[in-house]
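What follows is a short report on a single structure.
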Amino acid sequence: MDIPRRRVAILGSTGSIGVQALQVAKRLDLPVVALTANRQVEQIEAQARAFSPKVVAMMDPAAAATLKTRLADTDIQVLSGMDGLLEIARRDDVDIVLTAVVGMVGLLPTLAAIEAGHDIALANKETLVAGGTLVTEAAKRKGVKLLPVDSEHSAIFQCLQGRPPEQTAERLILTASGGPFFGRTKEELAQVTVKQALNHPNWKMGAKITIDSATMMNKGLELIEARWLFDTPPENIDIVVHRESIVHSLIKYVDGSVIAQLGMPDMRIPIQYALTYPARVTSDVPTLDLAQWGKLTFFAPDDEAFPAMQLCRTAIQKGGLYPAALNGANEQAVALFLDGKISFADISRLIAGTLTLTLPACQAVEDVLAADAVGRQWVKEHC
Ligand code: MG
């Protein structure tokens, strides 16, 4: 099968996923049309010079101005702010938009890209957590694919290939590494430091997702993400702790067959699969040698020490805007924790409060943004 040479726009190209996506694009010789970043001027300038996109955008206006000066000797257009991201998302010379920005900021550009008819390689889980109804409805209406980049969802997506028509999996089983604090009690977790929380055993990731991994909020967000991506009710989605991060997730069919996707913990595999789907092409990721691993271990998650998973489950079961509020609260709480303003245990304590709020029904994207703001405000007022 030929590699489809899709023209790619990468939203969030200086983050961990963005950088690895560029490695994949380089290796597969995919045209990179557009790049965006928050404020990493030096890094995006280097990327722009290496990949010659038509356009780059910076969320931060001052950073955009600096970048514009620095790229004055090139033909690369420089855009600024959310308007810049939206313009890139809507370009008609793009085939697939990789959304790798961190947090809720990904929602509007993702919706804009879908409305423009572009397939989405989805690496920004907050988009689907907060705006699941709107995003999946828009994708269906426009006939665009939401191709998961998150390793667990890519695994489930891969396991579902070749299933009988009309048959969905009976259960989805998300694996979780357990993060740096696996095995610790609630009491032991009360005073862990930012440095300890940023020290993930298996995956090298950005700060936000690494903290989410330490609280296991990340797995809760992924449960919500899976609910939308695979149209599966949350009660049919299980979480199992798997320390080695080799089994990336599993599905169970009605006949009892369980199908898993395995591989080395390297995000370039799911990134590549989203960009080349349905083709499979060679990668330079090291081969998995099961005999060398010897054994793989699995444990039930500890909901007492890591309440965030259950909070996410409750939020998606309540439905409507609760996941958006919970997610906004989490983004705020993680920022405060990274700033040294609140303790590790405060994160789940604070975000739990959003589930007690009375929220209106979700009619439009403005409602999602408002619920996100309500969640953030709740945390600021109660920390
Ligand atoms: Mg993941």
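Remarks
- Residue-normalised accessible area of the chain, expressed per residue, 1.4 Å probe, Å²: 43 Å²
- DSSP beta bridge pairing in the chain, given as percent antiparallel to the nearest 5: 25 percent
- Aspartates and glutamates whose Cα lies under 16 Å from that of Lys145, excluding same-chain neighbours fewer than 8 positions away: Asp95, Glu115, Asp119, Glu137, Glu225, Asp231
- Viscosity 0.890 mPa s, temperature 25 °C, Stokes-Einstein D of the stretch 1-144 from Kirkwood C-alpha radius, µm²/s: 165 µm²/s
- Normalised by 2.2 N^0.38 Å, with N the number of residues, the alpha-carbon radius of gyration of the stretch 314-383 equals 1.05.
- Most positive-pole-ward Cα, Pro164, Met217, Thr185, against dipole of the stretch 146-273 from beta carbon charges: Thr185
- The sum of -39500 (n - 2.57) across all DSSP H runs of n ≥ 4, divided by the residue count of the chain, sets its helix-only mean residue ellipticity at 222 nm to -14000 deg cm²/dmol.
- Mean-square fluctuations from a GNM of the chain, with a 10 angstrom spring cutoff on Cα atoms, peak among Leu198, Leu11, Leu189 at Leu189.
- Phi-based couplings in Hz for the stretch 178-185 (Karplus 6.51, -1.76, 1.60; Gly and Pro marked x): x, x, x, 10, 3, x, 7, 8
- Gaussian network model of the chain, springs between alpha carbon atoms under 10 Å - residue of Glu137, Glu366, Glu115 with greatest fluctuation: Glu366
- Tensor-based shape of the stretch 205-351 (alpha-carbon gyration tensor, a/c under 1.5 rounded, otherwise prolate or oblate): prolate
- Separation between Cα centres of the stretch 333-363 and the stretch 270-304, rounded to whole Å: 32 Å
- Alpha carbon centroid spacing (whole Å) that separates the stretch 215-259 from the stretch 146-192: 4 Å
- Within the accessible area of the stretch 1-122, the carbon and sulfur atoms contribute 49%, probe 1.4 Å, all protein chains present.
- Distance in nm between pseudo-label sites at Lys140 and Val192 (7 Å out along the Cβ direction from Cα): 3.8 nm
- Listed values for the stretch 77-86 are Karplus-derived 3J(HN,Hα) couplings in whole Hz (6.51 cos²θ - 1.76 cosθ + 1.60, θ = phi - 60°), namely 6, 10, 10, 9, x, 4, 4, x, 4, 5, and x replaces Gly and Pro.
- Overall Cα dimensions of the stretch 177-266, principal axis frame, Å, largest first: 45, 27, 23
- The phi torsions of the stretch 261-274, fed into the Karplus equation with coefficients 6.51, -1.76 and 1.60 and a -60° offset, translate into couplings of 10, 10, x, 4, x, 8, 5, 5, 5, x, 4, 5, 5, 5 Hz, rounded to whole numbers, with Gly and Pro shown as x.
- About its Cα centre, the dipole of the chain is roughly 380 debye, where the only charges are +1 on Lys and Arg Cβ and -1 on Asp and Glu Cβ.
- Pairwise FRET efficiency - Lys380 versus Asp83, Cβ, R0 = 22 Å, nearest 0.05: 0.25
- Taking Cα centre as origin and charging only the Cβ of basic (Lys, Arg, +1) and acidic (Asp, Glu, -1) residues, the dipole magnitude of the stretch 288-383 rounds to 100 debye.
- Three-way shape call for the chain based on the alpha-carbon gyration tensor, with the a/c threshold at 1.5: rounded
The values are calculated or read from the model by the stated rules, or taken from the named source; none is laboratory data. Being a predicted model, the structure only gives us computed values, none of them experimental. Every residue, glycine among them, receives a Cβ derived from its backbone with ideal geometry; neighbour counts consider all protein chains shown. For the accessible areas, the whole protein counts, side chains as well, though only heavy atoms, and no ligand, DNA or RNA atoms are used. Shrake-Rupley method; radii C 1.70, N 1.55, O 1.52, S 1.80 Å.
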